[in-house]
Amino acid sequence: ASTFKAWVNIMYGCNKFCTYCIVPYTRGKERSRKSVDILNEINELKALGYKEVTLLGQNVNAYGKDIDDLSFPELMEKIALTGIERIRFTTSHPWDFSEELIDVIAKYPNIMNHIQLPVQSGDSEILRLMGRRYSREQYLELVERIKKKIPDVSLTTDIIVGFPNESEEAFNNTLSLCEIVKYDSAFTFIYSPRVGTPAAKMKDNVSMETKKARFNKLTATIAKYELEKYKTFEGKVVKVLVEGPSKKNENILSGYTEDNKLVNFVGNKNMVGQIVNVKIVKAKTYTLEGEQVD
Ligand code: SF4
């Protein structure tokens, strides 16, 4: 376990019932932890020297709705005010992503400008079948509002290809959405039914061959925009929380930027667990390369 990065559950369960997902059945209803307990835990972590905390929940935006307590943006503000250096959160459902949350992320420099915003599909009809409760247009409108208030935001996502009834046109809507949003990265999955979910009762009517072809096309599109975004970091100085020697080369250190990009760099080994300035010299598809400038 890390002595400088911690993960804190703020709630358990999920009430969303996306039709392909088993979580609401296995983990039960949304249950928020009391904000005072969460804040005590984070203050303790900070006192122990932790630099980064990631708030966890299946859908953190629903925090506090099941109890008489703070809302998620209010909780985030209190956590920001503890002064812990880096705050992350995952996952947030686009359906109840509030304006207050955008404002609080924009306001506090210790809330990292990285939002994992799972879209799953770029086609409104498929989204309806998935039970996601937003349309393509609503999702894009949310992205626009986020980018307006947080211009340097890093957006990442989850996408499922080959959901039942996904036509070529529906898939192309997913591709075009990715071209509009230009994600920093994405987790992409080929749909497969989960026993016990409503979607498992739908006809899995997209052939594996088609699913694979779409998957390859999608990952190539994502990689293209990812590299484009990473290239914009060349020549810039970024703040990196140093994790330790790189997996491939022990003379190289690795760590993560504020917007959660992996950086491999030449630097001082004594800085593990510290935040250092690194100048990016080269962008690759999934990593940045640089040198420490402190
Ligand atoms: Fe809940 Fe996420 Fe599963 Fe949807 S995909 S039911 S939001 S855990």
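A single entry from Glu41, Glu30 fulfils the requirement of being farther than 15 Å from Arg194 by Cβ, away from the ligand (no atom under 14 Å from the Cβ), acidic (Asp, Glu) and surrounded by 15 or more Cβ atoms within 10 Å (Cβ to Cβ): Glu41.
Among the strands (runs of 3 or more DSSP E) confined to the stretch 224-291, the ones with at least 1 residues that are under 13 Å from Asp184 (Cβ atoms) are located at 253-256, 262-266, 275-283. Condition first: over 21 Å from the mean Cα position of the chain (by Cα) and of a type in the set (A, V, I, L, M). Now tell me which residues in the stretch 256-274 satisfy that. Listed by number, the residues that qualify are Val266, Met271, Val272. You will find that of Asn9, Asn61, Asn15, the residue that is crowded, with 20+ Cβ neighbours inside 10 Å and not hydrophobic (A, V, I, L, M, F, W, C) is Asn61 and no other. Among the residues of the stretch 127-134, is there at least one that is farther than 19 Å from Asp184 by Cβ, among the hydroxyl-bearing types (Ser, Thr, Tyr) and within 16 Å of the ligand (Cβ to nearest atom)? The answer is yes; a qualifying residue exists. Being out of contact with any Gly (no Cβ under 9 Å at 6 or more places or on another chain) and under 23 Å from Lys261 (Cα atoms): is that true of Pro193 here? It is false that Pro193 is out of contact with any Gly (no Cβ under 9 Å at 6 or more places or on another chain) and under 23 Å from Lys261 (Cα atoms). When Leu70, Leu81 are checked against the criterion of being more than 18 Å from the chain's Cα centre (by Cα) and surrounded by 14 or more Cβ atoms within 10 Å (Cβ to Cβ), a single residue qualifies: Leu70.
Residue by residue through the stretch 33-59, note down the ones that are among the small types (Gly, Ala, Ser), closer than 29 Å to Asp158 by Cβ and over 20 Å from the mean Cα position of the chain (by Cα). Answer for the stretch 33-59, where residues must be among the small types (Gly, Ala, Ser), closer than 29 Å to Asp158 by Cβ and over 20 Å from the mean Cα position of the chain (by Cα): just Ser35. Scanning the stretch 96-126 for residues that are more than 27 Å from Phe189 (Cα to Cα), among the aliphatic types (A, V, I, L, M) and touching a Pro at 6+ places or on another chain (Cβ under 8 Å) yields Leu101, Val104.
Every number in this text was worked out from the coordinates using simple rules, so none of it is lab data. The structure presented is a predicted model; accordingly, all values stated were derived computationally and were not measured. Positions of Cβ are backbone-derived with ideal geometry, glycine not excepted, and every protein chain shown enters the neighbour counts.
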